[in-house]
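To start, the structure under review is shown below, and the notes come after it.
The values are calculated or read from the model by the stated rules, or taken from the named source; none is laboratory data. Computed from a predicted structure; not experimentally measured. Please note: Cβ atoms are built from the backbone with ideal geometry, for glycine as well, and neighbour counts cover all protein chains shown.
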């Protein structure tokens, strides 16, 4: 990859214009094969700094694989800026033998660093769980557990947060609450959200990629009316403009096929 | 609990009644009261042999846990070694270890050592194999998370994979705790000068069937206490529900 690429090429290939490269984290993903079948083709992904980028696509197309490539768990991915990353999955991955507070500081513990319990308590307070620091994960509800996972992510304080359907296992109310928590607490972070939920995409994203094809490639959604919606309305977007939402939903759904 | 004790008491009463009414000689089937009397009269002798057997079982179990842990970690680390040795371990597990007792007596002489070796052999395999399974089945998602967080393989092993394998290790210890008393008795029968198994054979030879039954009571109590201890340890170490894992 060129060291200082001044402009982002139009990923959608529809003549959607150019943007400043410094506003983005650029990842170069190599071809990825699973048991000799191609899953992902070589591609570039641009994540808007301090913004939410969503990645949508049909089941089995390779969304999680792409996310794992970015996390360095699959294949080879290059990034000249080398941002620090953390990974939040659909299952909260809380260690059942560790207390909530110990789960929050697990990153430091795993790296043999001094565990900063003061900061962990502060973060738990931000996600509304300060009273539960000495609880074990099995003593918490699903929504609370996901908030602990969010606290653990915040504790890592990385540049980029990769989220693989983190709200999928939750009921509608808890999901919305947690989305609001995530928007508040992840302010200033660069987020890549993998999701199936078009409503979630419209509510949270500043930018949308659709993963399609075989082998799959992420294509930027660059249609004007979607772009306008994403750029003009701040996140989390309320659902009060039913017409706009319906239109966006229909458009994004049509892109799946 | 009261219900269980009542049932046991009723069965003992029935046995006492049957033994007295049927006229079966006491050297064939002694009544429970006689066994109780024998327990009381021989308490020092029984306690001495029970302590020896308990010591052998506990030391055997502890040594097996240590060796099992070490072997499982080595086999988990060296994949090729695991591929070669795992079938051997599985085959050896199915061989009753006390059949080696005559050979061990020949090599090591009478005493504690051959018995400890036999107990260790019977406990070592289930502990090693269960822990190996646990390490293998440790959720890869935890490992992935730890890797993304910058953990090295050694830290993933000690802080993620080993704690997540604890339920498997405890299953191994539970199996070992079932094997250990049986092995210690069998080893006593094959050649020993102390232990409850030895006392069973001795009282059998002298037709002291009441003492033999008293030994059986002691062995049952010892096995019960061992299982209770393992249960308590499991509750302490694996306190989370399996679904949350």
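Part of a helix (DSSP H, G or I) and more than 19 Å from the chain's Cα centre (by Cα): is that true of residue B:179 in this structure? I'd like the intermediate steps shown before the answer.
On the way: part of a helix (DSSP H, G or I): yes; more than 19 Å from the chain's Cα centre (by Cα): no.
So residue B:179 fails the test.
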Worksheet item: Among the listed residues A:78, A:66, A:150, A:93, which satisfies the condition of being more than 10 Å from chain B (Cβ to nearest Cβ), under 19 Å from the mean Cα position of the chain (by Cα), under 30 Å from residue A:216 (Cα atoms) and at pLDDT 90 or above?
Response: A:66
Discussion item. Checking residue A:188 against (1) touching a residue at least 40 places away in the same chain (Cβ under 8 Å); (2) touching a helix residue (DSSP H, G or I) at 6+ places or on another chain (Cβ under 9 Å); (3) under 30 Å from residue A:120 (Cβ atoms), only one condition comes out false. Which one?
Written reply: (2)
Response to the item:
Taking the range B:103-155 and keeping only residues that are over 27 Å from residue B:61 (Cα atoms), touching a residue at least 12 places away in the same chain (Cβ under 8 Å) and crowded, with 20+ Cβ neighbours inside 10 Å, one is left with B:142, B:146
Practice prompt. Please tell me if residue A:69 is crowded, with 17+ Cβ neighbours inside 10 Å, in contact (Cβ under 8 Å) with a residue 60 or more places away in the chain and not in a loop (DSSP other than H, G, I, E, B).
Written response: no
Worksheet item: Out of curiosity, is residue B:157 under 22 Å from residue A:153 (Cα atoms), out of contact with any strand residue (DSSP E or B) (no Cβ under 8 Å at 6 or more places or on another chain), more than 10 Å from chain A (Cβ to nearest Cβ) and part of a helix (DSSP H, G or I)?
Response: yes
Response to the item:
Here, helices (runs of 4 or more DSSP H) confined to the range A:100-144 with at least 3 residues that are more than 9 Å from chain B (Cβ to nearest Cβ) and either closer than 20 Å to residue A:87 by Cβ or within 23 Å of the chain's Cα centre (by Cα) (or both) are A:100-104, A:117-126
Worksheet item: Under the condition of being at positive phi and in contact with a helix residue (DSSP H, G or I) (Cβ under 7 Å, 6 or more places away or on another chain), which residue from the range B:173-209 is modelled with the lowest pLDDT?
Response: B:191
Discussion item. Outside any helix (DSSP H, G or I), more than 11 Å from chain A (Cβ to nearest Cβ), under 19 Å from the mean Cα position of the chain (by Cα) and without any contact (Cβ under 8 Å) to a residue 24 or more places away in the chain: which single residue out of B:95, B:99 fits that description?
Written reply: B:95
